[in-house]
Amino acid sequence: AQSVSQHNHHVILSEAASLELGCNYSYGGTVNLFWYVQYPGQHLQLLLKYFSGDPLVKGIKGFEAEFIKSKFSFNLRKPSVQWSDTAEYFCAVTSDSSASKIIFGSGTRLSIRP
Amino acid sequence: DSGVTQTPKHLITATGQRVTLRCSPRSGDLSVYWYQQSLDQGLQFLIQYYNGEERAKGNILERFSAQQFPDLHSELNLSSLELGDSALYFCASSVRDSSYNEQFFGPGTRLTVL
């Protein structure tokens, strides 16, 4: 069965620090990968997505993610975080064989110290 | 603002009761998805409708049901409510029924069962 693992439950960083949030999925077929962000009290918004092509994907607000097929990973990165990046981040996957079903990871809460 | 609306914003009810949550998708979107977000279970996919028909089922309890109407709005019915049903219920919509489609999330309905 498909699953998505986010190993970091809570990450605390200072402003200007670099960020990397881990995401691993388990599925052998073709997958589509997403990172969503949920700011405090708000709904989920798409940060970036990968379907095919260049495995380094750039999203909004300076975020990027790299798809490494051999490692079944899709880690989210940002070179320099800001206090406004405080939010919960969800990795998600869909597969071509299960078009409708999107599987979310458990989320990583990011707290940025001003 | 994602264009997806959900009502009510908050709902407080008692165990054993029945409630209905409503979702209006973005204009033009045919797919509607329902999710439950709780502290212990994370973000769980419940059910998806596409153009009025049920398309996929996730971890939805038998006490819960949903439907999508001809005008494409959707309702999630929760009955025989238990304390553990207290959660944030999100609706999302997408243009079509495809693994490539980004989902746009509504602001959620916070359900508290006392």
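The values are calculated or read from the model by the stated rules, or taken from the named source; none is laboratory data. No experiment lies behind these values; they were computed from the predicted model shown. So basically every Cβ, Gly included, is an ideal-geometry build from the backbone, and we count neighbours across all protein chains shown. For accessibility, only protein heavy atoms count, side chains too; no ligands or nucleic acids. Shrake-Rupley method; radii C 1.70, N 1.55, O 1.52, S 1.80 Å.
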### Query
In the list B:L43, B:L72, which residue meets the criterion of being of a type in the set (A, V, I, L, M, F, W, C), on the phi > 0 side of the Ramachandran plot and in contact with a strand residue (DSSP E or B) (Cβ under 8 Å, 6 or more places away or on another chain)?
B:L72
### Message
It is to be established whether one or more residues within region B:6-24 are part of a loop (DSSP other than H, G, I, E, B) and within 14 Å of chain A (Cβ to nearest Cβ).
### Response
yes
### Query
If you go through region A:18-33 one residue at a time, how many are open to solvent by 30 Å² or more (accessible area, probe 1.4 Å) and assigned to a loop (DSSP other than H, G, I, E, B)?
5
### Query
Of all residues in region A:49-85 being more than 17 Å from A:N8 (Cβ to Cβ) and in contact with a Lys or Arg (Cβ under 6 Å, 6 or more places away or on another chain), which is farthest from the other protein chains (Cβ to nearest Cβ)?
A:G62
### Query
Among the residues of region B:80-102, which ones are within 12 Å of chain A (Cβ to nearest Cβ), more than 13 Å from the chain's Cα centre (by Cα) and open to solvent by less than 10 Å² (accessible area, probe 1.4 Å)?
B:S94, B:S99
### Message
Let me confirm something: among A:V57, A:V11, A:V37, which residue is β-branched (V, I, T), surrounded by fewer than 20 Cβ atoms within 10 Å (Cβ to Cβ) and in a strand (DSSP E or B)?
### Response
A:V11
### Message
Going through B:L61, B:L39, B:L30 one at a time, which residue ends up being aliphatic (A, V, I, L, M) and away from every other protein chain (no Cβ under 14 Å)?
### Response
B:L61
### Query
Does B:G3 fit the bill of being in contact with a Lys or Arg (Cβ under 6 Å, 6 or more places away or on another chain) and within 21 Å of B:R96 (Cβ to Cβ)?
yes
### Task
Name the strands (runs of 3 or more DSSP E) wholly inside region A:69-114 in which the number of residues that are more than 12 Å from the chain's Cα centre (by Cα) and modelled with pLDDT of 90 or more is 2 or more.
A:108-113
